[in-house]
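Inspection log for the structure reproduced underneath, given as structure tokens.
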Amino acid sequence: MSIYLLLSFLGAAVVLTLMPGPDNLFVLAQSISQNKKAGIATTFGLCTGILVHTLAAAIGITALVYQSGLAFMVVKYAGAVYLLYLAWQAFKEEGGDLRVESKQALEYKKLYKRGVLMNVLNPKVSLFFLALFPQFIDHSKGAWEVPYQMVGLGVLFLIQAFIIFTTISFFAEKVGNWISKIPQVGRRLNVAKGVLLGIIGISLALGEKS
């Protein structure tokens, strides 16, 4: 692939990653309510999901899901239900100290798994890749190289997303440290996180194939 195509793709990927969306908002919420390590754990999960979507797009599974209305609906509603479950869990959390060190190791594992499921169960991510990647494929290399180019673009997208989400985690932790000094803020943050996850879940459920 030419350097021009790669730089063009990277520029588009950075702009799209910075736009407010479920992934960066989820990282932001976890980093503020806990710390940057929680945000980074979530980021690892989301990037694992990106890798899954990349491979699915490369081998054609995404196209099959897009063509099958039933498959699309099943994945979409599964993702929406999972996000609403996370919202319910956030509402149930106690609003105490925002930095509960004894629970962090377990929470990091949970956040990684949540990041994976949240990303994998969002069919629009795969459809987005299916729509974006072909615009930057060099078809002169032959059809047999297209899957390899798509994987390469997916890895590049994953790397820039990881850098951006990690940066968000560092800055969000500073915000969390500041607001954690305000009395009773823990419960309000949990409510805000629950509302955010609920909105994302409802938006996913109501979304249609573009």
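Total residues in the stretch 8-51 satisfying the condition of being within 20 Å of F136 (Cβ to Cβ) and either polar (S, T, N, Q) or part of a helix (DSSP H, G or I) (or both): the figure is 14. Of the residues in the stretch 193-204, not one is assigned to a helix (DSSP H, G or I), at pLDDT below 70 and over 20 Å from G45 (Cβ atoms).
Selection of helices (runs of 4 or more DSSP H) fully inside the stretch 58-169 by the criterion of at least 2 residues being touching a Gly at 6+ places or on another chain (Cβ under 8 Å), modelled with pLDDT under 80 and surrounded by 13 or more Cβ atoms within 10 Å (Cβ to Cβ) returns 69-92, 123-132. Would you confirm whether any residue within the stretch 1-12 is under 12 Å from the mean Cα position of the chain (by Cα) and open to solvent by 20 Å² or more (accessible area, probe 1.4 Å)? No.
The values are calculated or read from the model by the stated rules, or taken from the named source; none is laboratory data. None of these values were measured; they are calculated from a predicted model. Cβ sites come from the backbone with ideal geometry, for glycine too, and all protein chains shown count toward neighbours. Quick note on the areas: whole protein, heavy atoms, side chains included, nothing else; ligands and nucleic acids left out. Shrake-Rupley method; radii C 1.70, N 1.55, O 1.52, S 1.80 Å.
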